[in-house]
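Report on the structure given below.
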Ligand code: XBP
């Protein structure tokens, strides 16, 4: 490791769903429409979906649910059903994004701009697909959105989804930055486990689907990244005398731990 860089913030790795944008309810509704469209009586209510967030990745989530609903379904049948439903669900999801109602979360654009202005690398580590994040981020960050991110790793390319650290390990490998100079920003216990297992300090931004979840290994848990008008509410950790998450705070977090 370059000694000069030993505690300096050189990169931030963002999760997408729930972290960059509050997308989980749109995913939930898209799953429910897919179930209905093939005549299934399944319905994922909020509390059910909250529990299902323990399984990252839509296909994996459907497969696990299919098995929990029928003792007789084989692994192959559950897999085929999940594949079909997930394709329909993602078409529904992207259609719903095109309505333009899902914006970036508070403070996300502000922090992205600050990181870019300070030449701190920005990356993405998500279990969702490139196509889904392309729709979400091109709408919110413009057609050149990919230029903002030095590395983008998605569920399309990793073998094991979160809580396995694979997606983070791939990002770290491609960034070529030591983990001590990086921080991850996540929203779920699975995301936190994946980032922590990859050796990253992690900051959590909660939302209504993850309120009340435990984030023991997180260095800081806040209700959003915050901005001038919406100060962060600290759930655990310390933001000193700051009102929102900025590069100074992220640097302090990686120095302290
Ligand atoms: C995102 C997810 C889901 C979404 C989308 O993963 O697993 O919560 O419903 O999944 P993470 P799909 O935030 O852990 O990276 O796009 O696979 O349906």
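The values are calculated or read from the model by the stated rules, or taken from the named source; none is laboratory data. All values reported here derive from a predicted model rather than from experimental measurement. Virtual Cβ from ideal backbone geometry, glycine too; neighbours counted across all protein chains shown.
The criterion of at least 2 residues that are buried (at least 19 other Cβ atoms within 10 Å of the Cβ) and away from the ligand (no atom under 16 Å from the Cβ) is met by the following strands (runs of 3 or more DSSP E) wholly inside region 159-257: 182-186, 220-222.
Restricting region 167-195 to residues that are within 14 Å of the chain's Cα centre (by Cα) and without any contact (Cβ under 8 Å) to a residue 60 or more places away in the chain, the residue that is farthest from residue 132 (Cα to Cα) is 193.
Could you identify the single residue in 60, 77 that is more than 14 Å from residue 30 (Cα to Cα), near the ligand (Cβ under 10 Å from one of its atoms) and in a helix (DSSP H, G or I)?
60
Somewhere in region 134-141, is a residue farther than 21 Å from residue 245 by Cβ, part of a helix (DSSP H, G or I) and without any contact (Cβ under 8 Å) to a residue 24 or more places away in the chain? Yes, there is a match, as at least one residue in region 134-141 is farther than 21 Å from residue 245 by Cβ, part of a helix (DSSP H, G or I) and without any contact (Cβ under 8 Å) to a residue 24 or more places away in the chain. Remark: residue 8 falls outside the filter, which requires a residue to be modelled with pLDDT under 95 and in a helix (DSSP H, G or I). Filtering region 123-145 to residues that are more than 11 Å from the ligand (Cβ to nearest atom), farther than 14 Å from residue 102 by Cβ and in contact with a strand residue (DSSP E or B) (Cβ under 6 Å, 6 or more places away or on another chain) leaves only 123.
Among 101, 113, which is under 21 Å from the mean Cα position of the chain (by Cα) and assigned to a loop (DSSP other than H, G, I, E, B)? Spell out the reasoning first.
Numbers: 113 fails: assigned to a loop (DSSP other than H, G, I, E, B).
It is 101.
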